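J.: Quick one: the structure is below, questions incoming.
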Amino acid sequence: MPTDPVIEVAGVTKTFAGVRALDDVDLTLHRGEIHALVGENGAGKSTLIKVLTGIHTPDGGRIRRNGRISTIYQEVNLVPLMSVAANLFLGREPRNRIGLIDRARRDAEAAELLKSYGITADVSSPLGTLAVGEQQMVALARAVEADADVVIMDEPTSSLEPREVETLLEVVHKLHEAGIAIIYVSHRMDELYRICDTVTVLRDGKNVHSGPLRELPRIELVSLMLGRSVNEIQKHGTTAFGEDHHADTRPVLEARNLTSRPRINGVDVTIRPGEVVGLAGLLGSGRTETAKAIIGALPLDDGTVLVAGTPVPRNVKAATRAGISMLAEDRKTEGIIPNLSVRENIVLAALPRLSRFGVTSRKKQDRIVDTFVKRLRIKVSSPEQKVAELSGGNQQKVLLARWLCTEPRILLLDEPTRGIDVGAKAEVQALIDELAREGLAVMLISSELDELLDGADRLVVLRDGAVAGELEGAQLTREHVLAAIAAEVMDDADSR
Amino acid sequence: MTLTAARRRWLQDNGVYVAVGALLLFNALFTANFMTLGNFTTQLVQAAPVLIVALGMALVIGTEGVDLSVGAVMALAAAIIPLYLGAGPVPAILMALVAGLAAGAFNGFLVARVGIQPIVATLALLVGGRGLALVIANGQLVPLHDPAFLALGTDDVLGIPISVLIAGLLALTIAGLTSRTTFGRQLVAVGGNRRAATLAGLPVNRVLVGVYAICGVLAAVAGVLATSRLAASDPADMGLLMELSAITAVVVGGTPLTGGKVRVLGTVMGVVLMQLVRATLIKHNLPDSIAQMIQAAIIVAAVYVARERR
Amino acid sequence: MTTLTAATRTKVLQRQGAAVALTVMVVVSWLTFPRFGSLDNLRDLALQGSFLAVIALGMTFVIITGGIDLSVGSLYALGGVLAAWGSQHGFLTALLLPLVVCGGIGLINGLLIARTNMAPFIVTLASLLFARGLLLAITDEGANTYQVAPDSAFVELGRGTVAGFGYPIFIAAALCVLGGAILNRTGFGQNVFATGGAEQSAILMGVPVARTKVLVYTMSGTLAGLAGALTAAYLQSGVTVIGVGTELDAIAVVVIGGTLLTGGMGTVLGTVIGVGLIKVIQNVINQIGTLDSNYQSVVSGVFLLIVVVLQRILRR
């Protein structure tokens, strides 16, 4: 590149509580460059971004910033109760002669500006009334209009609809043409290869690759991220699932016409004992909502859930008692109770069963906890260790144990392997396999297509909150799934 | 970094015991007639109502909540006593406890079912509750004469004043409740991570309503005992700023305001500590004004030590 | 769409709910009690409301940042005592001493809350206690009530009138207009909304959240001190027993006026309407005569409850 770099990072290290989050990381960014920053969860991407934006001070190394940096995050970081225009101009409001905020001018300028980002909503209404995609666009507009030379985008498309993604990528392209440098963090290969010029791959806090992206084959990029050789991936696949299962014929779970507008609309799912049913679909297609509807955590407009032919009242307690368990997607906010021990986290849901007249029995607890710690190979110094001190993978196993000790008949798993290291991932996958073989009915939600194709006996593909197709046997291929999902995009295009 | 964090956690967990020990030592050396049975009995009798309220508050704080209405509930209980004392002490006390139960359950309903922040939900009762108590009592202080009722505040069993005995028994009960029952463990789980507790199939709403109801009943018990000791129903002053004393004791005792943990013994010691501070200041003839300012400083210091880091 | 209509409904309730209630109350009172509509009564009502309005103005800012200030009742009383004591050294001392001391305590509140991540309600509860202690210390444990010389200029501040309407009314009105302008038309006002609306986002958007918090608590303390000074000037003495529970009145009127107790949304006009509503109710209770004055706090509590529940339901 001919120009001076706008950001130059050399040999940066950062340690948190003895753990090396960044280890001798380099990164160079030039004007107008779109730079992909990739890595698995915990590879150090967030830490690097925070070091770049000055939120964290590095322990060692050198950073040269040659311009203003703006950041937009996965979660829209704006103020929902304030108006769109107020959010856009917060901190740089146009003033009148006596120095007060000129609201009329602010609103006019905001409306004008947002038009170029494809937003025509009323700028004086609260930001929270906009769709998430539109909010993300406002965040982007705000970042760019702050005269930024560098825009860091941390998974900006993860909660957007396909149409919104298109608009966003167009805007990114415009920025690139205007000479603004962009660091683009995403897990979506298609997006990365479409817009990015260069890539930095982080693994375990180390910079394992930097260079032009297009010269790097996808499989090579994946292997750099995962730290496994290309050969190994091709030979063994990327998952640890075994063969298909032989399922019973009578379904143990029948969910009919699950409807909770606007998120899901008439979803039917049946699972037989010993069967793993995958839920495929894009983010926002209603996968998590379907699981939450089954467990009774989502208020329904319509629909019934039957376990072994008997209707289940719509609340979590009744569903749990009927034998349904759900491993939530977000371990931190919906799974672990951080201040409690591993033992207490495991027995939590089964507590009434391990008590007499409301008084808990420590002996019964210890016995059951011991069993599951051994069986799931949970690495703890003692069952009394605080669960917050465990690694992500071990926390996930604790949560699995929590559900298994309620002796469920149906297990709903929402992204069970997200954000845990490769080794733990394989263990969890093998465990799912084993549980199904023992006769449990499993519903598996995953954004990783390979995990679904390898792990599930049958796939239910969701699209816009409705079932777009069911695939079985020979149909369980990448092409079929993509076709079922992609129909959405085409329909969408037709109808507009 | 890690060393100071560990040190702070130690201070958070054990600071209250160290402080109580230090204060006792100070008084043993410098205060005449402090280390006597008579003085300790007096101190415990004075501390008993605060302790009873603080026990309920500890449970509420354990669920990541707070109950600002405890003082108002004490006033309500005080106002109700004379209305039913004609029918005997037992009906009067029962009616006062029922009022506390209703007030607490109402708070719990607002927090659990309607989904209002605890501070906000209990604020309404703080604003209106004492007014209601005064309306019930016509704004009057009513002297009480029922000997059986007054005995509650004056008599003792084996040398232990009845109110202290009740406070002690309640402390043991609450300690057992939190550590040994499903309700207690579910309470802590709800405070630690409410969404996770919901998804784990825990009866979150029932736990919350139960906790606020218990807190209301305990506040009413404290109101009954304090009224008995005063030998008068005084809704205007009964339990004024009790919410502050109770929250202070709980926090000083090492229960974090962020929930997920209940320290019953710590709460007891928190109450003892604040009582000792007050007694020490009085014994050394420091005026009320100075005593209040020192208490304010202790509250800030305790919360400062116990605060969660960003 | 559902969020939009909910927002619109909330807006209507916020903007109009308290105003409609106030109008209805005024009309009904006017028709029912002949004395209610008399100029004397209205002047008195406005004067009584002006002290609360000054305190509630500061509380509005604090609550919009998502905080709460329980110390204002004590600071109000302290401000009065300081003003009465200071009046023997002239007008300026009488006015500035309460502002500086109460503002200083507000500043400490703000610093503790903003810099140490301590809960606002507990910090300000502690300073409620502290300010009462300080008040007792300077009044000989409450035994000494300082008087303001009846012919001093400072008394004029509280008792002077224009067309029969007391100066405090105009001072409160001017402050509320100024407060409204600051809230809606300055960068600081925008920061107040952003801080209470989504603190983490505000930090990422470059809003000086800590400074904003420090400022609102300082403002709140200063205004409480000013209200105390005005009251002392009006009563011609530094009454030590006033202000108990005033913080609750202030919170009640702010919330009844439509400001979200969870922060991020609110108006000064709403607070003024809330003050009007509470004072009219108090006035009516006094007019009825047979009713206990304690009904006023019961009514406040009920109003508070209704508003909070409605806000919650409409925001679902």
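J.: Run down B:189, B:236, B:171, B:249 and say which single residue is surrounded by fewer than 24 Cβ atoms within 10 Å (Cβ to Cβ) and touching a Gly at 6+ places or on another chain (Cβ under 9 Å).
T.: B:236
J.: Would you mind finding the one in B:94, B:76 that is aliphatic (A, V, I, L, M), under 20 Å from residue B:233 (Cβ atoms) and under 17 Å from the mean Cα position of the chain (by Cα)?
T.: Residue meeting the stated conditions: B:76.
J.: Could you list all residues from region B:117-142 that are among the aliphatic types (A, V, I, L, M), surrounded by fewer than 24 Cβ atoms within 10 Å (Cβ to Cβ) and free of Cβ contacts under 8 Å to residues at least 40 places away in the same chain?
T.: B:120, B:135
J.: Assess whether residue A:298 counts as being hydrophobic (A, V, I, L, M, F, W, C), assigned to a loop (DSSP other than H, G, I, E, B) and surrounded by fewer than 20 Cβ atoms within 10 Å (Cβ to Cβ).
T.: yes
J.: With the checklist (1) more than 8 Å from every other protein chain (Cβ to nearest Cβ); (2) surrounded by 15 or more Cβ atoms within 10 Å (Cβ to Cβ); (3) modelled with pLDDT of 90 or more in hand, flag the one item residue B:110 doesn't pass.
T.: With (1) more than 8 Å from every other protein chain (Cβ to nearest Cβ); (2) surrounded by 15 or more Cβ atoms within 10 Å (Cβ to Cβ); (3) modelled with pLDDT of 90 or more applied to residue B:110, the lone miss is (1).
J.: Scan (1) charged (D, E, K, R); (2) more than 11 Å from every other protein chain (Cβ to nearest Cβ); (3) part of a helix (DSSP H, G or I) for the single condition residue C:151 breaks and write down its number.
T.: Result: residue C:151 fails condition (3) only.
J.: Is there a residue being buried (at least 20 other Cβ atoms within 10 Å of the Cβ) and within 14 Å of another protein chain (Cβ to nearest Cβ) anywhere in region B:146-164?
T.: There is no residue in region B:146-164 that is buried (at least 20 other Cβ atoms within 10 Å of the Cβ) and within 14 Å of another protein chain (Cβ to nearest Cβ).
J.: Let me ask you something else. Taking the residues in region C:271-316 that are away from chain B (no Cβ under 12 Å) and small (Gly, Ala, Ser) as candidates, determine which candidate is surrounded by the fewest Cβ atoms within 10 Å (Cβ to Cβ).
T.: Checking each candidate, the answer is C:289.
J.: Name the one entry in C:222, C:218 that is touching a Cys at 6+ places or on another chain (Cβ under 8 Å), of a type outside the set (Gly, Ala, Ser) and part of a helix (DSSP H, G or I).
T.: C:222
J.: May I ask you to list the residues in region A:120-146 that are under 26 Å from the mean Cα position of the chain (by Cα), assigned to a loop (DSSP other than H, G, I, E, B) and more than 10 Å from every other protein chain (Cβ to nearest Cβ)?
T.: Hits for region A:120-146: nothing passes.
J.: Another one. Could you tell me whether any residue of region A:247-259 is more than 14 Å from chain B (Cβ to nearest Cβ) and within 27 Å of residue A:133 (Cβ to Cβ)?
T.: Yes.
J.: Would you check which residues across region B:265-284 are touching a residue at least 12 places away in the same chain (Cβ under 8 Å) and among the β-branched types (Val, Ile, Thr) and list them?
T.: Listed by number, the residues that qualify are B:267, B:268, B:271, B:272, B:277, B:280.
J.: Then there's this: Going through B:228, B:245 one at a time, which residue ends up being more than 13 Å from every other protein chain (Cβ to nearest Cβ), among the polar types (S, T, N, Q), assigned to a helix (DSSP H, G or I) and at negative phi?
T.: B:228
J.: Hey, another quick one. Would you say residue A:392 is touching a strand residue (DSSP E or B) at 6+ places or on another chain (Cβ under 8 Å) and either touching a residue at least 24 places away in the same chain (Cβ under 8 Å) or of a type outside the set (A, V, I, L, M, F, W, C) (or both)?
T.: Against the criterion (touching a strand residue (DSSP E or B) at 6+ places or on another chain (Cβ under 8 Å) and either touching a residue at least 24 places away in the same chain (Cβ under 8 Å) or of a type outside the set (A, V, I, L, M, F, W, C) (or both)), residue A:392 does not qualify.
J.: Quick one: in region A:327-345, of everything that is of a type in the set (A, V, I, L, M) and within 20 Å of residue B:262 (Cα to Cα), which residue is nearest to the other protein chains (Cβ to nearest Cβ)?
T.: Here the answer is A:337.
J.: Every residue in region C:146-167 that is over 14 Å from residue C:94 (Cβ atoms) and surrounded by fewer than 16 Cβ atoms within 10 Å (Cβ to Cβ), please.
T.: C:160, C:161, C:162, C:163, C:164
J.: Also, I was wondering about something else. I need the full set of residues from region A:346-378 which are more than 9 Å from chain B (Cβ to nearest Cβ), within 25 Å of residue B:195 (Cα to Cα) and not in a loop (DSSP other than H, G, I, E, B), in order please.
T.: A:346, A:350, A:353, A:365, A:368, A:369, A:372, A:373
J.: Follow-up. Can residue B:255 be described as in a loop (DSSP other than H, G, I, E, B), among the hydroxyl-bearing types (Ser, Thr, Tyr) and either surrounded by 24 or more Cβ atoms within 10 Å (Cβ to Cβ) or touching a strand residue (DSSP E or B) at 6+ places or on another chain (Cβ under 7 Å) (or both)?
T.: Against the criterion (in a loop (DSSP other than H, G, I, E, B), among the hydroxyl-bearing types (Ser, Thr, Tyr) and either surrounded by 24 or more Cβ atoms within 10 Å (Cβ to Cβ) or touching a strand residue (DSSP E or B) at 6+ places or on another chain (Cβ under 7 Å) (or both)), residue B:255 qualifies.
J.: While we're here: Restricting to region C:113-136, and then to whatever is of a type in the set (S, T, N, Q) and either at positive phi or in contact (Cβ under 8 Å) with a residue 24 or more places away in the chain (or both), can you tell me which residue is farthest from the other protein chains (Cβ to nearest Cβ)?
T.: C:124
J.: Out of all the residues in region A:448-467, which are in a strand (DSSP E or B) and in contact with a Pro (Cβ under 8 Å, 6 or more places away or on another chain)?
T.: None; the set is empty.
J.: Inspect region B:201-219 for any residue being at pLDDT 90 or above and within 14 Å of chain C (Cβ to nearest Cβ) and give the result as yes or no.
T.: Looking for residues that are at pLDDT 90 or above and within 14 Å of chain C (Cβ to nearest Cβ), one finds none in region B:201-219, hence no.
J.: Just one of the numbered conditions (1) under 18 Å from residue B:71 (Cβ atoms); (2) more than 12 Å from chain C (Cβ to nearest Cβ) is not true of residue B:250; which one?
T.: Looking at each condition in turn, residue B:250 falls short on (2).
J.: Let me ask something else. Considering region A:305-326 alone, what residues qualify as being assigned to a strand (DSSP E or B) and within 12 Å of chain B (Cβ to nearest Cβ)?
T.: Matches in region A:305-326: A:324, A:325, A:326.
J.: Report, by residue number, each residue of region A:251-279 that is among the basic types (Lys, Arg) and farther than 21 Å from residue A:472 by Cβ.
T.: Within region A:251-279, A:261, A:263 qualify.
The values are calculated or read from the model by the stated rules, or taken from the named source; none is laboratory data. Everything numeric in this text was worked out from a predicted model, so none of it was measured. Cβ sites come from the backbone with ideal geometry, for glycine too, and all protein chains shown count toward neighbours.
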